[in-house]
1. Could you identify the single residue in 124, 79 that is modelled with pLDDT of 95 or more, within 11 Å of the ligand (Cβ to nearest atom) and within 25 Å of the chain's Cα centre (by Cα)?
2. Take residue 376 and decide whether it is surrounded by fewer than 23 Cβ atoms within 10 Å (Cβ to Cβ), more than 10 Å from the ligand (Cβ to nearest atom) and within 19 Å of residue 394 (Cβ to Cβ).
3. Please give the number of the condition residue 165 fails out of (1) within 16 Å of the ligand (Cβ to nearest atom); (2) surrounded by fewer than 20 Cβ atoms within 10 Å (Cβ to Cβ); (3) over 30 Å from residue 312 (Cα atoms).
4. Select, from 20, 58, 2, the only residue that is within 20 Å of the chain's Cα centre (by Cα) and away from the ligand (no atom under 13 Å from the Cβ).
5. When the range 278-290 is examined, which residues are found to be surrounded by fewer than 22 Cβ atoms within 10 Å (Cβ to Cβ), in contact (Cβ under 8 Å) with a residue 24 or more places away in the chain and outside any helix (DSSP H, G or I)?
6. Given the conditions (1) within 14 Å of the ligand (Cβ to nearest atom); (2) surrounded by fewer than 24 Cβ atoms within 10 Å (Cβ to Cβ), and given that residue 331 satisfies all but one, which numbered condition is not satisfied?
7. Among the residues of the range 98-117 satisfying the criterion of being within 13 Å of the ligand (Cβ to nearest atom), touching a helix residue (DSSP H, G or I) at 6+ places or on another chain (Cβ under 9 Å) and not in a loop (DSSP other than H, G, I, E, B), which is nearest to residue 18 (Cα to Cα)?
8. Quick test of your reading of the structure: residue 249 fulfils all but one of (1) touching a strand residue (DSSP E or B) at 6+ places or on another chain (Cβ under 7 Å); (2) modelled with pLDDT of 95 or more; (3) at negative phi. Name the failing condition by number.
Ligand SMILES: Cc1cc2nc3c(=O)[nH]c(=O)nc-3n(C[C@H](O)[C@H](O)[C@H](O)COP(=O)(O)OP(=O)(O)OC[C@H]3O[C@@H](n4cnc5c(N)ncnc54)[C@H](O)[C@@H]3O)c2cc1C
């Protein structure tokens, strides 16, 4: 008869939320996680594996069943089909084997952590002519092309336009700052891929930055990292010889010869590395908890204002902009504290800490180098830090190792140690 917490999605936000709920609620809750796959996909390191010529599926999958079992969390491998927030019911189809009959599950609390659809299917010509590194399939397709078929032509790298929705219009951050609006969902990956591509070209004697054009739908690429940080990055990149196209508006289509942008420009390229629009899943669209696009509306404690037993964390939440796993991880902890408060396991004073988003990004540059960004200025905070060098690279690789070793339970000191090492001890 314990309250039943159902977590939809078991990647960064879902796994993190479920583990923290167990930590803060102890035995006061029964917890179930539903995901369509039974492993965590460690997305941020896919580009590094691809450029190193390694199959990312061999190093970047962590089993969910055994991980969750350690905390007495039930796991269902199934496809969530519908969420009825009035009936407090989740409809799903078990998907270990095709042909399973639809089932449902009731909850006292639900945490929506299903991420987004990465909408490559909305980009004309992507399947035939595009590449990317957002999952194992596409990562391996790109790895094979780069290492076996690439003829040495120009490479275009960039994002489609993001459609933010109205779910953040009333949100104020960092003491009253209006919620900003983004034209790209997540531009760390294009910046990272651009730098790693140039290193790869050099290492393979095929050229360097001058072969790479990076494009953005916005006036400024990765604007959420802060104007100062991006200004410095762009200065470094143009000094190295990269080509930059801003205000592209959107991707109209991809052809054999290049990328056509909604602004009317065409970028000629042999290889097109694309990051699409991040779009909410269809079953979330039109729900009373969702915004105009289908992202789940929450306040800064990740609770839906109309349905207080509905929470969201990670990319599925309207408030998660840009779409970053680091922000989703912090949100999972906030959700867990709120549920612990409701169940009498945590005081309001301890639980009611609002989200203060930080863009925290360590991007591989190839050649054992990486960039490190820690910035909250876009949201109204005071910080904008950019570092580059070997130490950020070591931190990126160690973060992944520590994540796997601790099964996702990153120690509290992990971020502080990274900050200290990258910003103080080995500051470049
Ligand atoms: C190339 C690349 C590099 C990145 N690098 C970084 C980085 O350095 N730092 C950073 O912070 N972020 C980075 N990101 C962003 C980061 O990967 C995402 O923000 C993060 O994965 C979001 O976590 P999530 O748990 O909310 O969603 P997801 O990781 O998308 O997980 C959603 C989960 O829900 C499941 N699911 C979805 N729909 C259903 C359904 N209907 N039924 C059942 N299960 C379902 C999925 O199987 C999945 O396990 C990067 C992204 C990309 C593409």
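1. So the residue among 124, 79 that is modelled with pLDDT of 95 or more, within 11 Å of the ligand (Cβ to nearest atom) and within 25 Å of the chain's Cα centre (by Cα) is 79.
2. It is false that residue 376 is surrounded by fewer than 23 Cβ atoms within 10 Å (Cβ to Cβ), more than 10 Å from the ligand (Cβ to nearest atom) and within 19 Å of residue 394 (Cβ to Cβ).
3. Unmet for residue 165, out of (1) within 16 Å of the ligand (Cβ to nearest atom); (2) surrounded by fewer than 20 Cβ atoms within 10 Å (Cβ to Cβ); (3) over 30 Å from residue 312 (Cα atoms): (3).
4. Every option except 20 fails the conditions.
5. Residues satisfying the conditions are 279, 281, 287, 288.
6. (2)
7. The extreme case among them is 111.
8. (3)
The values are calculated or read from the model by the stated rules, or taken from the named source; none is laboratory data. Not measured: the values here are computed from a predicted model. Every residue, glycine among them, receives a Cβ derived from its backbone with ideal geometry; neighbour counts consider all protein chains shown.
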